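Taking it in order: structure first as structure tokens, then the write-up.
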Amino acid sequence: MVNKLLLLLLFLSINSLSLKAQSVEEIANIGLENTVGVIMNDRTGSPNSIGSGFFIKPNEIVTNYHVIENSSGGNIKFHDRDNLYRIMGIVAYDEDKDIGILRVSISNNSVLHFAEYESLRIGQNVYTVGAPRGLDGTFSNGIISGFRNIDGTNLIQITAPISPGSSGGPVLDSSGEVIGVAVGGFSDSQNLNFAVSAEELRELISSSSELISFNQFLSQTQRQNQVAEQTTRQREEKTEPQQTERPQQSRPVFQPRPRNFHYIGISFYNENNWGNVISVSYDNVYYQDFISFEIGYAEYQNHQLGLIKLRYGKRYSFINHIRPNILVGLHSNIVPEATDPSYFGLAAGVGINYINNHFLIRVEYILNTFRSLENSNNIGVSVGVSI
């Protein structure tokens with residue numbers, strides 16, 4: 001049984017690595033095939049903005065809002081083609097988070113996929129693709145140097161170079177999956193660049209609706225700007241002048257984003273001597289580590305037992321979603337029996353977990369010892385969902 005479990009765990013780990021790992025050359029190819037330059041035009045048809053974008057659907061690309069702002073149309077260009085392809089309209093946009101989704105007149109053969117936010121960590125390698133200064137097909141690398149929240153928008157701080165024209169390009173992880181949208185940096189500082197988290201983009205995709213023409217887009221944004229200006233003037237008119245100027249307490253611009261994920265799950269056991277088992281687990285995943293608490297009821301050799309288990313797990317840098325864990329537990333009879341009032345025992349085990357933002361799957365080998373009953377070995381499987 002132990003050998004079979006070890007083979008299963010090894011198989012899962014090797015397959016996870018083989019499916020996710022990409023060489024730098026492969027990441028570059030994935031990024032370049034799905035990234036385009038974005039050229040936006042004003043009402044006269046003259047270029048007024050350049051940026052980058054990437055395919056999330058065969059005929060839809062993502063870019064920054066500030067790339068398309070005040071534009072009446074535009075085109076995209078692949079790094080290895082001379083042709084320009086027209087932008088048909090706007091699927092969705094969010095000015096505050098500086099992201100937008102555009103529909104284009106060409107269908108690409110492939111698209112980029114999103115990484116799980118929970119798998120990101122400071123220090124991991126990242127890659128940017130775009131058209132800085134209009135130089136199509138530029139590929140650069142760096143690391144994640146921080147996670148920030150500015151005015152309610154979750155940003156990823158990176159050291160990979162970003163220049164004018166890079167805006168809207170993808171930031172990729174070592175699997176070639178999108179972790180964010182390049183948005184800009186501080187021109188007077190070194191390696192202080194930022195990407196809008198892909199989680200913000202997921203929300204925009206889920207809220208997208210009918211295609212908006214550029215004429216409709218300009219009308220909407222003009223009305224929004226007029227309302228905003230009027231609201232600002234009204235606030236300024238209502239503000240009474242202060243007799244004495246008081247120093248205002250400064251607060252940091254950057255607020256760290258909590259990185260806790262919580263899961264509620266149920267567990268199953270396969271040992272023949274175990275009868276009915278009802279077990280509920282709670283897992284708290286924080287960045288690299290996680291802890292788990294499980295409580296339940298079980299029938300073992302016709303005895304009614306209560307069980308409690310504690311787990312500790314850790315993620316290692318070479319595997320994104322797979323985390324091994326150890327467990328310790330206690331079990332004892334719920335109803336004392338006259339012949340032997342206590343069936344107190346201990347449990348110990350090892351397991352492996354697959355964890356992403358939405359669900360958790362755990363496979364464990366467990367050794368159960370009893371003071372008055374026969375010891376047992378079993379395989380436990382837990383399935384949890386994010387809450």
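Tell me, Asp173, Asp188, Asp80 in order of fewest to most beta-carbon neighbours within 10 Å? Let's see the in-between values first.
Details: Asp173 24, Asp188 6, Asp80 9.
By the 10 Å Cβ count, ascending: Asp188, Asp80, Asp173.
By the count of other C-beta atoms within 10 Å, a proxy for reagent exposure, Glu33, Glu95, Glu60 are ordered fewest to most as Glu95, Glu33, Glu60. Can you tell me how much longer the chain between Asp42 and Ser110 gets when fully stretched, taken as 0.36 nm per residue apart minus their C-alpha distance, in nm with one decimal? This chain segment gains 21.5 nm when fully extended.
Cβ-to-Cβ counts within 10 Å put Ser71, Ser145, Ser372 in ascending order as Ser372, Ser145, Ser71, the fewest first.
Of the GluC sites (Glu not before Pro) in the stretch 171-212, the ones in a loop by DSSP (not H, G, I, E or B) with at most 12 other beta carbons within 10 Å are Glu210. When peptides 346-353, 61-68, 290-297 are ranked by their average number of other Cβ atoms within 10 Å per residue, the highest-first order is 61-68, 346-353, 290-297.
Just how large is the dipole of the stretch 42-174 about the Cα centre, in debye to the nearest 20, putting +1 at every Lys and Arg Cβ and -1 at every Asp and Glu Cβ?
Working: 10 positive and 14 negative charges, 61 e Å.
Using only the charged Cβ atoms, the result is roughly 300 debye.
Coordinate-derived values only; no laboratory data. Every value quoted in this text rests on a predicted model; they were computed, and no experiment measured them. Using ideal geometry, Cβ is built from the backbone for each residue, glycine included, and neighbour counts are taken over all protein chains shown.
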